[in-house]
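Okay, so here's the structure we're looking at.
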Amino acid sequence: MLEPALSSGRPAPAESATTRANSVYNLGKYYPHRRWLIMAGLMLGLSIGLSFLFCNGCKIWSEDFLVTFGYNSAYTFGLWLANGYPNEWLNRRVDWTVQPVRRFLTTLAFSLVLSLLVILLVTGSFMVFYHHRPLSSLTWRPFVVPLLITVVISLFMHSRSFLLGWREAAIQAMRLQKENAQAQADSLRRQLDPHFLFNSLNALTSLVEENDPARASRFIRQLSQVYRYVLDSQEQEIVPLAEEMKFVEAYLFLQRTRLGEGMQVEMDLPTTALDTLLVPPLAVQLLLENALKHNATSQRNPLRIRIELDEAARTLTVRNDRRLRRLADGESTGLGLSNLQARYAFLTKQPVTIEQTDTEFSVTLPLLELR
């Protein structure tokens, strides 16, 4: 049976350096109030500094200083909120690293419109409620200083968003590289596992003893093809589904030779789509290997496996009967599916779907396309 790693009861792997780095980077995600308090402190300091700058010679508690401080505080906090919240909203919808031009133009439009609204609201409010003058006397001059403040705040906010987006992409690339290396090493370890090699050599010995040189020769070629594919695919993130299925055929031939009628595999694969769709290397083989590893097989009661390609949905589903058998200690690491899910998480937003009933277990892999 194909089982998720969390159901194995094994302790979770140690946290990696990149995971810890990503956690530090996402400090604002887990402590948003702390980040906003820091920013509020910075805006308050900026307001005080501007008040001293524009009210040169004023006493700290004089009316002129307090009015200037009120102006600067209203402008600074208003422009910060007008640029900060939309910036956070845009971060979730338009990625700097994916669509930089579109993100820049969208951000610029948001900043100009919202900043002008804030400036108009603050300037008009002080003019009407403090200076007791009509709005018709409003000119362009009161907009100069707030617009300069807007430029400073916008440059800071948007530069920060770009740099953090770039850093997040770099961290994700590092994590993807690490996950791929772990998954490839795990796949290679499984293929070179003494049990697999021992079973393959036993099957080859039986063919030689049965004086069947044709099948023995084919068995050796298929075994060589399996190991060649494992070695060749180590540096590849994705491969055509057609190549993966050729490898799967070689792998199934070895297993059929060993198990005989104890395993029955049915495939529903439109050949026209195999060359255009992509999967991570060894993904399908992993599901077949887990099915054979976790379930009992016999000549009278064979293990049935079905591989289905849904061309419209761009998915590949592997189903197998669910007949659990007891595994020896160390026979299963419980990391195969979790590694596969991690690799898919960095390749596509579509998840790997795992479903199980009392009699059946299935895993659906999203298929990728080059655009």
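The values are calculated or read from the model by the stated rules, or taken from the named source; none is laboratory data. What you are looking at is a predicted structure, and each value in this text was computed from that prediction instead of being measured. Virtual Cβ from ideal backbone geometry, glycine too; neighbours counted across all protein chains shown. Side chains are part of the model used for accessible areas, which takes the heavy atoms of the whole protein and leaves out ligands, DNA and RNA. Shrake-Rupley method; radii C 1.70, N 1.55, O 1.52, S 1.80 Å.
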Take the residues of the stretch 125-145 that are surrounded by fewer than 11 Cβ atoms within 10 Å (Cβ to Cβ) and of a type in the set (Phe, Trp, Tyr): which is modelled with the highest pLDDT?
Phe129
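So if I check each of Arg314, Arg300, which one is out of contact with any helix residue (DSSP H, G or I) (no Cβ under 6 Å at 6 or more places or on another chain), touching a residue at least 24 places away in the same chain (Cβ under 8 Å) and open to solvent by 50 Å² or more (accessible area, probe 1.4 Å)?
Being out of contact with any helix residue (DSSP H, G or I) (no Cβ under 6 Å at 6 or more places or on another chain), touching a residue at least 24 places away in the same chain (Cβ under 8 Å) and open to solvent by 50 Å² or more (accessible area, probe 1.4 Å) holds for just one of Arg314, Arg300, which is Arg314.
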Give just the number: which of (1) surrounded by 18 or more Cβ atoms within 10 Å (Cβ to Cβ); (2) at pLDDT 85 or above; (3) of a type in the set (Val, Ile, Thr); (4) within 25 Å of Arg314 (Cα to Cα) does Thr276 not satisfy?
(1)
Of residues in the stretch 332-348 being closer than 17 Å to Val239 by Cα, in a helix (DSSP H, G or I) and open to solvent by 30 Å² or more (accessible area, probe 1.4 Å), the one modelled with the highest pLDDT
Gln341
Name the residue that is farthest from Ala82 (Cα to Cα), counting only residues in the stretch 104-124 that are of a type in the set (A, V, I, L, M, F, W, C) and surrounded by 20 or more Cβ atoms within 10 Å (Cβ to Cβ).
Val122
If a residue has to be farther than 10 Å from Asn320 by Cα and in a strand (DSSP E or B) to count, how many in the stretch 357-371 make the cut?
4
Checked against (1) open to solvent by 70 Å² or more (accessible area, probe 1.4 Å); (2) outside any helix (DSSP H, G or I), Met267 satisfies every condition except (1)
Can you find a residue in the stretch 233-243 that is in contact with a Leu (Cβ under 9 Å, 6 or more places away or on another chain), outside any loop (DSSP other than H, G, I, E, B), open to solvent by 10 Å² or more (accessible area, probe 1.4 Å) and farther than 19 Å from Leu309 by Cβ?
yes
Of all residues in the stretch 274-320, which are touching a Pro at 6+ places or on another chain (Cβ under 9 Å) and at positive phi?
Arg314
From (1) farther than 25 Å from Ser136 by Cα; (2) touching a Leu at 6+ places or on another chain (Cβ under 9 Å); (3) modelled with pLDDT of 80 or more, pick out the condition that doesn't hold for Leu44.
(2)
Given the conditions (1) at pLDDT below 70; (2) closer than 24 Å to Met174 by Cβ; (3) open to solvent by 40 Å² or more (accessible area, probe 1.4 Å), every one holds for His33 apart from (2)
Those residues that are in contact (Cβ under 8 Å) with a residue 40 or more places away in the chain and either over 14 Å from Phe126 (Cα atoms) or aromatic (Phe, Trp, Tyr) (or both), I need them from the stretch 53-72; list them, please.
Phe54, Tyr71
